[in-house]
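Read through the structure below, which is laid out as structure tokens, and then see the notes.
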């Protein structure tokens with residue numbers, strides 16, 4: 001019996017240490033912990049895919065909470081089925097003792113685990129939808145307040161027109177004109193498109 005841990009955070013700025021510490025505390029060896037820093041909207045995650053290939057009968061997958069595994073209602077249930085039935089690997093969700101396939105392997109235990117999984121899969125996907133809605137509302141409110149998104153506009157150097165005309169008349173190369181303006185070649189071309 002090998003304990004395999006999986007941890008996931010949604011962005012590279014988030015910290016997975018709390019999840020990893022919980023997995024180690026449960027008995028998972030650090031070398032058997034797979035970590036992704038990516039959204040849980042689907043299962044196309046590098047560490048997750050490596051972990052799935054490694055899982056086999058008799059292993060136990062340990063995760064901190066069900067939403068760390070994924071947030072898509074249907075895909076989460078399908079992955080659970082693949083892990084528990086096809087791979088014949090047990091799963092223990094630390095934050096939800098009812099989602100522990102190592103116990104109560106009778107029909108009632110399986111029914112309860114499946115029912116709880118459906119409820120929590122729904123909650124996980126609903127939270128993902130709510131997060132996206134809150135983000136959209138936040139962006140709309142920020143735009144209303146005048147917050148600008150994206151790259152700031154490039155200011156055109158005072159000597160741009162002079163060097164632009166020299167370039168257009170083939171007296172300077174684009175690279176030379178860009179250098180005289182203190183711009184990168186890409187920026188010089190981008191401003192040139194809007195200058196004609």
Going through the stretch 1-29 one residue at a time, which ones are at pLDDT 95 or above, outside any loop (DSSP other than H, G, I, E, B) and loosely packed, with under 12 Cβ neighbours inside 10 Å?
25
Selection from the stretch 155-190 of residues that are on the phi < 0 side of the Ramachandran plot and loosely packed, with under 12 Cβ neighbours inside 10 Å:
155, 158, 169, 171, 186
Please go through the stretch 30-48 and give me each residue that is surrounded by fewer than 19 Cβ atoms within 10 Å (Cβ to Cβ) and over 22 Å from residue 100 (Cα atoms), ordered by number.
31, 37, 38, 39, 41, 42, 44, 46, 47
Working carefully through the options 115, 98, 61, find the one that is over 18 Å from residue 7 (Cα atoms) and in contact with a helix residue (DSSP H, G or I) (Cβ under 7 Å, 6 or more places away or on another chain).
98
Could you pull out the residue among 150, 138, 146 that is within 26 Å of the chain's Cα centre (by Cα), outside any helix (DSSP H, G or I) and loosely packed, with under 13 Cβ neighbours inside 10 Å?
150
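The values are calculated or read from the model by the stated rules, or taken from the named source; none is laboratory data. Computed from a predicted model, the values in this text were never measured in an experiment. No Cβ is skipped: glycine too gets one built from the backbone with ideal geometry, and neighbour counts run over all protein chains shown.
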